[in-house]
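The values are calculated or read from the model by the stated rules, or taken from the named source; none is laboratory data. Please read these numbers as outputs of a predicted model, since none were measured by experiment. All Cβ positions, even for glycine, are placed from backbone atoms using ideal geometry, and neighbour counts span all protein chains on display.
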Amino acid sequence: MQANDARRAFPCFDEPAMKATFDLTMVRSADMTALGNGPLVNTEERDEFWVADTFDTTPYMSPYLVAFAVIDYPHLDFTDHVASPGFSGAMENWGLVHYMESYLLYDEAWSPTYRKIYVASVIAHEVAHQWFGNLVTCEWWDETWLNEGFASAMDYMALAPIDWPVAELGLYEQVFPQLEDDEYNTTATLRPEIPSPWDAWDAFSWTAYNKGASMVRMMQQILGPDTLQRGIQVKHNNSEIHYLKLQAAADNVTDVGGGPLDVASKMDSWINQIGYPLLSVQRDYLDKTVTFNQEKYNPFGLDQPSSPYE
Ligand SMILES: [Zn+2]
């Protein structure tokens with residue numbers, strides 16, 4: 001129900017920061033099966049044709065993660081992954097992930113290899129959201145890039161244990177396309193203004209996914225994988241923190257010596273303006289000097305929107 005469809009399904013305070021537990025009872029046709037976010041705890045016959053299924057109370061979560069489905073095929077009692085005809089994209093509902101059919105279904109006999117990689121990366125993305133988004137959530141839609149950036153980074157990082165060419169795929173699918181988009185002056189910033197819930201979808205730009213994932217890769221390379229992971233683990237261990245905010249994450253990250261790392265201010269100029277810098281390095285072998293020059297990469301000489309940075 002992301003971004004704001006929960007309010008269309010039932011009365012609720014439908015904002016990401018307004019977390020609650022949900023108790024769901026679904027009345028379905030007797031010959032079908034109902035699925036909810038959690039396990040089924042009670043079934044009650046209503047009459048000859050209808051049955052009421054009650055599901056376990058959900059974790060404390062944003063309303064946009066509530067989901068239900070009625071199916072006519074068998075399923076296993078784990079986190080359910082459902083391929084829905086007519087559904088577009090994929091959605092990380094807690095315990096009941098929905099996919100368009102081509103994002104989940106793979107047939108060894110006729111599907112091409114790239115389809116196997118794509119399906120694996122989409123599943124990795126949605127499973128990563130159970131943490132980045134579901135457990136720790138952006139407080140408002142303007143921080144959507146943190147949800148989508150971390151989940152998108154996991155598209156490929158999660159495939160490392162099966163020895164797929166993770167780094168190359170991440171570069172090819174996420175970093176290079178974003179570098180190309182950001183050559184122009186029309187891309188969105190990572191933290192766009194989202195004045196009302198009806199503007200929420202503006203936050204789900206390719207920038208949020210591709211540049212967001214690129215930022216996570218960059219943070220991983222600056223901090224080192226262990227430090228980045230430690231920052232995320234602190235968040236999990238502190239039950240007070242339910243919202244994903246870069247500043248809060250930065251406050252929790254320390255360097256190997258235990259000192260503070262000001263990650264947030266280092267990332268701000270990447271987050272609040274479009275584009276990226278072009279770094280030129282000139283070596284003078286006679287003087288034995290190296291000169292660095294940095295400017296905004298603007299290959300087409302386009303007018304640039306105003307920026308809070310020089
Ligand atoms: Zn996502």
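Assorted remarks:
- For the range 205-244, a tally of residues being modelled with pLDDT of 95 or more and among the aromatic types (Phe, Trp, Tyr) returns 1.
- Hits in the range 140-152 - residues which are within 14 Å of the ligand (Cβ to nearest atom) and assigned to a loop (DSSP other than H, G, I, E, B): none
- Lone qualifier among Phe78, Phe87 - being at pLDDT below 95, part of a loop (DSSP other than H, G, I, E, B) and within 16 Å of the ligand (Cβ to nearest atom): Phe87
- On inspection, Tyr73 fails the criterion of being part of a loop (DSSP other than H, G, I, E, B) and in contact with a Lys or Arg (Cβ under 7 Å, 6 or more places away or on another chain).
- Residue match in the range 169-179 (condition: of a type in the set (Ser, Thr, Tyr) and more than 16 Å from the ligand (Cβ to nearest atom)): yes
- Among (1) within 16 Å of the ligand (Cβ to nearest atom); (2) closer than 27 Å to Asp303 by Cα - the single one Thr189 does not satisfy: (1)
- Test: residue in the range 272-285 that is within 18 Å of Ala153 (Cβ to Cβ) and modelled with pLDDT of 90 or more: yes
- All positions within the range 90-105 that are under 19 Å from Met154 (Cβ atoms), assigned to a loop (DSSP other than H, G, I, E, B) and either more than 12 Å from the ligand (Cβ to nearest atom) or in contact with a strand residue (DSSP E or B) (Cβ under 8 Å, 6 or more places away or on another chain) (or both): Trp94, Gly95
- Qualifying residue in the range 120-139 (condition: assigned to a loop (DSSP other than H, G, I, E, B), touching a Pro at 6+ places or on another chain (Cβ under 7 Å), modelled with pLDDT under 95 and in the same structural domain as Met26 (by TED's automatic domain parsing)): no
- Filtered residues of the range 192-215 (kept if of a type in the set (D, E, K, R) and surrounded by fewer than 20 Cβ atoms within 10 Å (Cβ to Cβ)): Glu193, Asp199, Asp202
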